[in-house]
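Peer 1: So that we are looking at the same thing, I have put the structure below in structure tokens.
The values are calculated or read from the model by the stated rules, or taken from the named source; none is laboratory data. Treat the numbers as computed from the prediction; the structure is a model and nothing was measured. With ideal geometry, Cβ positions are generated from the backbone for all residues, glycine too; neighbour counts draw on all protein chains shown. Ligands, DNA and RNA are stripped out before the accessible areas are found, and what is left, the full protein with its side chains, is counted by its heavy atoms. Shrake-Rupley method; radii C 1.70, N 1.55, O 1.52, S 1.80 Å.
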Amino acid sequence: MTTWGFIGSGNIGSTVARLAVAAGHDVVMSNSRGPETLTDLVSELGPRARAASTEEAATAGDVVVVTIPLNARDQVPAAPLAGKVVLDTMNYYPERDGEISELDAETTTTSELLQAHLPHSHVVKVFNNIHFGHLAELGRPSDAADRSALAIAGDDEAAKAAATALLDAIGYDTYDLGALAEGWRTQRDTSAYGQIYAADPADWSKGPQQVTPATITEKAAAAKRYRDM
Ligand SMILES: NC(=O)c1ccc[n+]([C@@H]2O[C@H](COP(=O)([O-])OP(=O)(O)OC[C@H]3O[C@@H](n4cnc5c(N)ncnc54)[C@H](OP(=O)(O)O)[C@@H]3O)[C@@H](O)[C@H]2O)c1
């Protein structure tokens, strides 16, 4: 059994936590406002869940999900995450996050920024290119014909293997994009971004569709840099 720590308990954090609890894992939730604001979520998640400070969630997690606005990344507590696998869901939205010059220049990627903030952790990019509603619905047992895959990227092979096992436990296959620097292929507005999981990209109310590794291969290969769009 694994304990998942969550830095961020919003749309994506709470969705991943629900999947982890359904798989029989424990979760420790945190946000910016303090554990007392997470009472309803923890009560919905049940006895495998508790709320804590970000520091405590980082300490308690065998694996820790960082799922906050990108502009808050430097507030993630680094010391308790040393040596741990950190799953990064963050995307760059300048209107929300402010302009980040290295990302505008495409000299780095969002997950490499988090990795730079957490030099002693093993960051794996995942969950960034799927809408939380689709993530909630597409999980399947490992032998299901309609199981979907999620893209990962990371610089540490053992961390990616750990992430693959965790994704398998919560209902997903994995597609490995390569190093963290390759994570741009699923960033906002690329062909491999969220719409690939939408049954009708023009009408998301029609729900999700299965995404196989072959689809991610094709869409990630076709992804364009912002400067080339
Ligand atoms: N929404 C999606 O479908 C989706 C899909 C893939 C990736 N993403 C990306 O994943 C990240 C999270 O998205 P979301 O939709 O889940 O956001 P959200 O619903 O707005 O939730 C953000 C969470 O981060 C917490 N937070 C903010 N600043 C924090 C800090 N300094 N320390 C600790 N916690 C902090 C918030 O807590 P408070 O409420 O207490 O401030 C909240 O729990 C974003 O980078 C987003 O771009 C989103």
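Peer 1: Roughly what % of DSSP beta bridges within the chain run antiparallel, to the nearest 5?
Peer 2: Beta bridges within the chain, antiparallel portion: roughly 10 percent.
Peer 1: Please list, in chain and number order, the residues 5+ apart from V27 or on another chain whose amide H is under 5 Å from its amide H, with Hs placed from the backbone.
Peer 2: Placed amide hydrogens put W4, A49, R50 under 5 Å from V27.
Peer 1: Amide H of T174: which non-local residues (sequence gap of 5 or more, or other chain) have their own amide H closer than 5 Å, using H built in the peptide plane?
Peer 2: L150
Peer 1: Kirkwood Rh, the range 49-143, all Cα pairs: how many Å?
Peer 2: 14.5 Å
Peer 1: When all C-alpha to C-alpha distances in the range 100-229 are sorted into bins of 5 Å, what percent of pairs does each bin hold, rounded to whole numbers?
Peer 2: 2, 11, 20, 22, 20, 14, 8, 2, 0
Peer 1: Output the peptides 211-222, 165-176 sorted from most to least packed, where packing is the average of other Cβ atoms within 10 Å over each peptide's residues.
Peer 2: By packing density, highest mean first, the sequence is 165-176, 211-222.
Peer 1: What's the carbon and sulfur percent of the chain's accessible surface, probe 1.4 angstrom, rounded to a whole number?
Peer 2: 50 percent
Peer 1: Which of the three applies to the range 1-113, rounded, prolate or oblate, going by the alpha-carbon gyration tensor with a ≥ b ≥ c and a/c under 1.5 meaning rounded?
Peer 2: Prolate, since a/c reaches 1.5 and a/b exceeds b/c.
Peer 1: Additional query: Taking the mean number of other Cβ atoms within 10 Å as a proxy for protection, how do you rank 198-205, 6-13 from highest to lowest?
Peer 2: Packing proxy ranking, top to bottom: 6-13, 198-205.
Peer 1: Amide H neighbours of V124 under 5 Å, counting only residues 5+ apart in sequence or on other chains, H built in-plane at 1.01 Å?
Peer 2: Amide H neighbours of V124, under 5 Å, 5+ apart: V86, L87, D88.
Peer 1: With every protein chain present, what is the per residue accessible area of the range 169-229 (1.4 Å probe, Å²)?
Peer 2: 48 Å²
Peer 1: Within the set of other residues whose C-beta is less than 14 Å from the C-beta of T190, count the net charge using Lys and Arg as +1 and Asp and Glu as -1.
Peer 2: Spelling it out: positives minus negatives among the neighbours equals +2.
Peer 1: Each residue of the range 115-120 in order: what ³J(HN,Hα) in whole Hz does its phi give by Karplus 6.51 cos²θ - 1.76 cosθ + 1.60, θ = phi - 60°, with x for Gly and Pro?
Peer 2: Values, residue by residue: 4, 5, 6, 10, x, 9 Hz.
Peer 1: Could I ask something else about it? Which entries in K84/K219; K125/K219; K160/K219; K125/K224 show an alpha-carbon gap greater than 25 Å?
Peer 2: Result: K84/K219 exceed 25 Å.
Peer 1: With a Cα-only, solvent-free Debye model of the chain, what are the log10 I(q)/I(0) values at q = 0.12, 0.15 Å⁻¹?
Peer 2: Log10 of I(q)/I(0), two decimals: -0.61, -0.98.
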